[in-house]
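Each remark here refers to the structure printed beneath this line.
Each value in this text was obtained by applying a stated rule to the coordinates, not by laboratory testing. Please read these numbers as outputs of a predicted model, since none were measured by experiment. Every residue, glycine as well, gets a Cβ built from its backbone with ideal geometry; the counts of neighbours run over all protein chains shown.
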Amino acid sequence: MKTSRESRAIAENPAGGDQIAAYSEAQPPPFRAACGSLRELIDTALPKASSKVWHGSPVWFVDDNPVVGYNVTKKTVNLLFWNGRAFGEPALKPVGKNGAAQATFHDAAEIDPKVIRRWLKQAKSKIFDSKAFFKKLREGK
């Protein structure tokens, strides 16, 4: 995910506190509200997941595997699911060469909580096993 200069600074210079809240606060007001909505939905749907600003963006992990995250670009807020292609959801667009897919939002009003909760439910059960994936890559298999 591409990141803004402000979000990279937060990830590189954590001064304690809530890094994800600091990430959101560093965004323009329309995107700040979208970040807040997404965070609330994710935290509610994945209460046992750990979260942090990782590679400049808020990301939630299940068993050390990245599951969902979001980032802000100049024009959108992108909600990325590491295994999103496995969901069979046409609104999630493929990203990269592996199984990731994302949705984009221009403001918080475009976020449909019912849809996001459905995606998050799938994210809990269809987790991309990044540990095994990268181990295979390192072993050349």
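Structure values in brief
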{"read-out": "Hull volume in cubic angstrom per residue (convex hull over the Cα atoms of region 87-133)", "value": "94"}
{"read-out": "Normalised convex hull volume, the chain, alpha-carbon set, Å³ per residue", "value": "116"}
{"read-out": "Förster-model FRET efficiency, 41 Å R0, residue 97 and residue 121, C-beta, rounded to 0.05", "value": "0.95"}
{"read-out": "Sorted by Cβ density within 10 Å, fewest first, the residues 85, 118", "value": "118, 85"}
{"read-out": "Which of 61, 81, 105, 133 has the fewest Cβ neighbours within 10 Å, and the rest in rising order", "value": "133, 61, 105, 81"}
